[in-house]
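The values are calculated or read from the model by the stated rules, or taken from the named source; none is laboratory data. Because the structure is predicted, anything quoted here is derived from the model rather than measured. Cβ: placed from backbone, ideal geometry, glycine included. Neighbour counts: every protein chain shown. The area values use the complete protein model at the heavy-atom level, side chains included, leaving out ligands, DNA and RNA. Shrake-Rupley method; radii C 1.70, N 1.55, O 1.52, S 1.80 Å.
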Amino acid sequence: ARLRAEEKSRAERITGALRLLESVDAGSLKEKIDASTTTWLVAGLTSGLVQRHRAPACPADFAVLATDGSHIDVDRHSSVKCSLVNIGSVFLQYGENPDASLESRASLLFGDDLVVAGPAGREELVEGALLGLRRGVEELKALARLAQGLPRARAMVALVDGSLILWGVQAFREFVADELLGNGFLAALDAMKERRLALTSYISYPRSTDVVNALRVALCPHDPVDCDRQCSEERSRACDAVAGVRDRDLFGALLEEGERSPLFLTGSPFVHKHYGEHQIHFFYLKLDEEVARLEVPNWVAADEELVGQVHALVLDQCRRGHGYPVALMEAHEKAVVTAIDRERFWELIEMSLARDRMDITGSGKQQSKRLRWA
């Protein structure tokens, strides 16, 4: 009963948000957003709010590249500190001469590979969340390498799963961001920009509220908007009229199947500080079953031909894959590390150490899990 009541209230807020989206003047709202100080991410407006774009025709011959990754984390109960990163790479050629190449490449991380060193002897161990970020960098680097050997003239889209924004880096010290972004992620983006590659990341069932937050700015009676100073102690705020609404709710109602939204610019100060010329834009794509968010770097967003290429080829991939890009699905299958794989990995580590008569004694907890007690 509570869920039904909440759903009714949410439907009313979505209806109100749609009315506002279609009635607000994009030019005036852009000026208000640019002058605002908010506590949440607000989409930057680049070409309006409600324009609907149909996909261009798919070229007769095209290629799709994709990478995805998985990893085995450091086990603190093991006698040796190491981890593994497995990257799945996929190349699919469509058209008159179809072709495909699928592979996975595993890398063992040990010693210096497990440390990000900073100034004055500071360091961060590459494990847990930081290992996940390292894997994301390796996925993009693998995609850049995959594209290097392919003809430049070919119509092509390059796909990664998830966001192009390494949000998790913000939890670590500045030298970690310098290493992962400056010496890894952004270098891969540089290589793909030089090739003029239509790069995009695909986010299924997104929870983003960047565009809805732009409507919050439109609803605010203050101009300029300063959330902390003006509304920090107010219990009722005008912008709460769109609370609980997500971007996918808006564009799921506004777009027809196969259409995309206008391009928006991420309002993240983190991206503006660290990404330089590779500022991240995004748009929403209406599919048969859901609304997906696609993120593209600045050089793609500035080129209508590349944006159209991303739109057409990703839509084609989703239709072939029953709602999800085929290339990403195959890359995931090549990257996945199963529970049996993990057990075998640690067995191989211990066998290697034992062969050289090295200590393989782990923690008491690890030993107890291997014993059967009567």
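For the range 134-215, the gyration tensor built on C-alpha atoms gives an oblate shape. Its axis ratio a/c (a ≥ b ≥ c) is at least 1.5, and a/b is not larger than b/c. Residues considered: 100, 187, 214. Largest GNM mean-square fluctuation over the chain, using C-alpha springs under 10 Å, is found at 100. Between helix 304-320 and the chain, what is the angle of the helix's C-alpha long axis to the longest principal axis, kept within 0 to 90° and rounded to the nearest 10? Long axis of 304-320 versus the principal axis of the chain: about 70 degrees. Looking at the chain as a GNM with Cα springs under 10 Å, which of 41, 189, 159 has the largest mean-square fluctuation? The residue with the greatest mean-square fluctuation here is 41.
Rounded, prolate or oblate: pick one for the range 1-101, where a ≥ b ≥ c are the square roots of the eigenvalues of its C-alpha gyration tensor, a/c under 1.5 means rounded, and failing that, prolate if a/b is larger than b/c, else oblate. Oblate shape, in that a/c is at least 1.5 and b/c is the bigger or equal ratio.
Run the accessible area of the chain with a 1.4 Å probe and give the carbon-and-sulfur part as a rounded percent.
Working: 9330 of 19130 Å².
Ligands and nucleic acids excluded, carbon and sulfur give 49 percent.
Taken over the chain, the convex hull of the Cα atoms encloses 216 Å³ per residue.
In whole percent, what relative contact order does the chain give with Cα contacts below 8 Å and a gap of six or more residues?
Computed over the chain, the figure is 26 percent.
The slack between residue 81 and residue 205, meaning 0.36 nm per residue of separation minus the straight C-alpha distance, is 41.0 nm.
Positive end of the dipole of the range 1-61 (Cβ unit charges, origin at the Cα centre): among 40, 29, 60, the Cα lying farthest that way belongs to 40. Candidates 202, 220, 230 compared by Cα position along the dipole of the range 194-260: farthest toward the positive end lies 202, with charges placed on Cβ.
Set the Cα radius of gyration of the range 167-253 against 2.2 N^0.38 Å, with N its number of residues, and you get 1.56.
Which whole-number percent gives the relative contact order of the range 128-224, counting Cα pairs below 8 Å spaced six or more residues apart?
39 percent
Tally Lys/Arg at +1 and Asp/Glu at -1 over every other residue whose Cβ is under 11 Å from the Cβ of residue 128; what's the total?
-1
For the range 27-43, the Karplus equation 6.51 cos²θ - 1.76 cosθ + 1.60, evaluated at θ = phi - 60°, returns couplings of x, 5, 5, 4, 5, 5, 4, 4, 8, 8, 10, 10, 9, 9, 6, 10, 5 Hz by residue, with Gly and Pro reported as x. Neighbours of residue 302 by Cβ distance under 14 Å: Lys/Arg scored +1, Asp/Glu scored -1, total -2. Near residue 42, the amide H atoms lying under 5 Å from its own belong to 267; only residues 5 or more places off or on other chains count, and H is placed 1.01 Å from N.
Electrostatic tally near residue 190: other residues with Cβ closer than 13 Å to its Cβ, Lys and Arg +1, Asp and Glu -1, net +2. Relative to the Cα centre, the charge distribution of the range 1-78, modelled as +1 at Lys and Arg Cβ and -1 at Asp and Glu Cβ, gives a dipole magnitude of about 480 debye.
In this rough spin-label picture, where each label sits 7 Å from Cα along the Cβ direction, the residue 122-residue 256 distance is 5.5 nm. Whole-Hz Karplus values for the range 289-295 come out as 10, 7, 10, 9, 9, 10, 9 Hz, taken residue by residue from phi with 6.51 cos²θ - 1.76 cosθ + 1.60 and θ = phi - 60°; glycine and proline positions read x. Taking a ≥ b ≥ c as the square roots of the eigenvalues of the Cα gyration tensor, an a/c ratio of 1.5 or more together with a/b larger than b/c marks the range 108-182 as prolate.
Taking a straight line from the alpha carbon of residue 334, these aspartates and glutamates sit under 20 Å away, with near neighbours fewer than eight places off in the same chain left out: 68, 73, 99, 103, 138, 139, 161, 343. Probing with 1.4 Å while keeping every protein chain in the model, the per residue accessible area of the range 112-219 equals 42 Å².
When the chain is treated as a GNM with alpha-carbon contacts under 10 Å, the residue of 88, 69, 111 showing the greatest mean-square fluctuation is 111. Residue by residue, the range 144-154 carries 3J(HN,Hα) couplings of 5, 5, 4, 6, 4, x, 9, x, 6, 6, 6 Hz when phi is fed to the Karplus relation 6.51 cos²θ - 1.76 cosθ + 1.60 (θ = phi - 60°); x denotes Gly or Pro.
Basic side chains Lys and Arg get +1 at the Cβ, acidic Asp and Glu get -1 at the Cβ, and with that the dipole of the chain about its Cα centre reaches some 800 debye.
Model label points for residue 241 and residue 3, set 7 angstrom from Cα along the Cα-to-Cβ axis, are 3.0 nm apart.
Once every DSSP H run of n ≥ 4 in the chain is given -39500 (n - 2.57) and the sum is divided by its residues, what mean residue ellipticity at 222 nm do you get, rounded to the nearest 500 deg cm²/dmol?
Theoretical 222 nm ellipticity from helices: -12000 deg cm²/dmol.
In a simple Cβ point-charge model (Lys, Arg +1; Asp, Glu -1; nothing else charged), the range 129-245 has a dipole of about 680 debye relative to its Cα centre.
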